[in-house]
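Below is one structure; the comments refer to it alone.
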Amino acid sequence: MTGARLILGKDVSDSIYSELAIRIEALRGRGTVPGLAVVLVGNDPASEVYVRMKGRKCEELGMHSVTTVLPEDTTQEKLLEKVGELNGDSSVHGFLIQLPLPSHIDEKTVINAIDPRKDVDCFHPLNVGKMLIGEPEFLPATPAGVQQMLIRSGIETEGKHVVVVGRSNIVGKPIAAMMMQKGDGADSTVTVAHSRTEDLPSVTRQADILIVAMGRPNFITADMVKEGAVVIDVGTNRIDDPNSPKGQRLVGDVDFESVRNKASAVSPVPGGVGPMTICMLMANTVAAAERAAVSR
Ligand code: NDP
């Protein structure tokens, strides 16, 4: 094999953005401008970057965007007040509280206070439950992005063995739950592996489609991958690199250079799953605006 086909989030997200542009135009024509609000507590630099990217994307798409930055010492009560305000703001169809929150605020309490109809991150337990029973209001952004990469790259998932490495509530568990549903881009036989899994390589080698969300730089090597498998790398890790101008570089959980010679298709880091998360967040916001416009 001379090298795997690359599955690039930029290409996949571009095609989704073109479809969203048509839907946004139609909504605007009917007097609804889809609105996304983001609340950031504190000044975590990585979170600030994400929040700016979300705002910029909204502008590009002709969506309404509101960003609220609250000081690090904001009380839980004040944040809940803000959530209540956004729940009642009809110009905001979806909003999210950027995580992580400072340690004096209980994330669960805040997430539970979000109106599930506006929960575009799909973190509210009601939305997680709806996704699990196959009646989703929203799909969580990163897992939905992974699924769209598979669907739009023409990768057959029906009957295939999908191994997900990682069981977090935001990536591993929802991806596994989505891939086992009935329907397009799913109908898979799913195995979930995690840090307590015995003999991980023997599990990952069974995967027709291997989805990795561990947060362990370059962990998955070619010997852990079946010849011809499809490999999706969700991992985003900064490692030291004296040759890089910033002294660091971004790598995935998959050892790309070795795995690309064994897999049939692989998503690189950067350039793979990365752009999909914001794209699916925008898609969720447009869907929420469409539902709000119908029920008006
Ligand atoms: P978490 O740290 O919450 O979860 C990591 C998971 O990997 C856990 O379930 C853990 O197992 C498992 N794991 C860790 N080490 C091992 C090991 N040696 N063997 C087997 N399993 C292991 O991370 P997230 O799910 O939040 O994120 C995963 C990665 O994806 C990170 O690099 C993150 O930055 C990236 N990410 C990228 C996004 C994007 O937009 N591209 C969005 C979200 C995340 P256990 O449960 O037993 O501890």
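The values are calculated or read from the model by the stated rules, or taken from the named source; none is laboratory data. Since this is a predicted model, take the numbers as computed values, not measurements. Cβ sites come from the backbone with ideal geometry, for glycine too, and all protein chains shown count toward neighbours.
Got a sec? Which of R216, R238 is within 14 Å of the ligand (Cβ to nearest atom), in a loop (DSSP other than H, G, I, E, B) and charged (D, E, K, R)?
R216
If you check V83 against the conditions, is it part of a helix (DSSP H, G or I) and surrounded by 19 or more Cβ atoms within 10 Å (Cβ to Cβ)? Let's see the steps before the verdict.
Details: part of a helix (DSSP H, G or I): yes; surrounded by 19 or more Cβ atoms within 10 Å (Cβ to Cβ): yes.
Yes.
Here are A193, A176, A144: which of them is within 14 Å of the ligand (Cβ to nearest atom), of a type outside the set (D, E) and in contact with a Leu (Cβ under 7 Å, 6 or more places away or on another chain)?
The unique qualifying residue is A193.
Looking at the structure I just gave you, is L61 crowded, with 16+ Cβ neighbours inside 10 Å and touching a strand residue (DSSP E or B) at 6+ places or on another chain (Cβ under 9 Å)?
Considered against the rule, which asks whether it is crowded, with 16+ Cβ neighbours inside 10 Å and touching a strand residue (DSSP E or B) at 6+ places or on another chain (Cβ under 9 Å), L61 comes out as no.
Out of everything in the stretch 152-173 that is under 29 Å from D115 (Cβ atoms) and of a type in the set (A, V, I, L, M), what residue ends up being nearest to the ligand (Cβ to nearest atom)?
Checked the stretch 152-173; the qualifying residue nearest to the ligand (Cβ to nearest atom) is V171.
T109 versus (1) within 30 Å of D89 (Cβ to Cβ); (2) part of a loop (DSSP other than H, G, I, E, B); (3) away from the ligand (no atom under 16 Å from the Cβ): which is the lone unmet condition?
(2)
I'd like to verify a number: residues in the stretch 155-203 that are more than 18 Å from I7 (Cβ to Cβ), of a type outside the set (G, A, S) and part of a helix (DSSP H, G or I), how many?
Count: 5.
Would you check which residues across the stretch 12-51 are in contact (Cβ under 8 Å) with a residue 40 or more places away in the chain and among the charged types (D, E, K, R) and list them?
Once the filter is applied, which keeps residues that are in contact (Cβ under 8 Å) with a residue 40 or more places away in the chain and among the charged types (D, E, K, R), the stretch 12-51 yields R23, R30, D44.
Out of D184, D121, I need the residue that is touching a helix residue (DSSP H, G or I) at 6+ places or on another chain (Cβ under 7 Å), away from the ligand (no atom under 16 Å from the Cβ) and not hydroxyl-bearing (S, T, Y). Which one?
Exactly one residue qualifies, and that residue is D184.
In the stretch 260-280, which residues are hydroxyl-bearing (S, T, Y) and near the ligand (Cβ under 10 Å from one of its atoms)?
Those that are hydroxyl-bearing (S, T, Y) and near the ligand (Cβ under 10 Å from one of its atoms): S267, T277.
Going by the structure shown, is P100 surrounded by fewer than 14 Cβ atoms within 10 Å (Cβ to Cβ), modelled with pLDDT under 95 and in the same structural domain as N43 (by TED's automatic domain parsing)?
yes
Is one or more of the residues making up the stretch 204-222 surrounded by fewer than 22 Cβ atoms within 10 Å (Cβ to Cβ), among the acidic types (D, E) and out of contact with any His (no Cβ under 8 Å at 6 or more places or on another chain)?
Checked against the condition, which is being surrounded by fewer than 22 Cβ atoms within 10 Å (Cβ to Cβ), among the acidic types (D, E) and out of contact with any His (no Cβ under 8 Å at 6 or more places or on another chain), the stretch 204-222 yields no hits at all.
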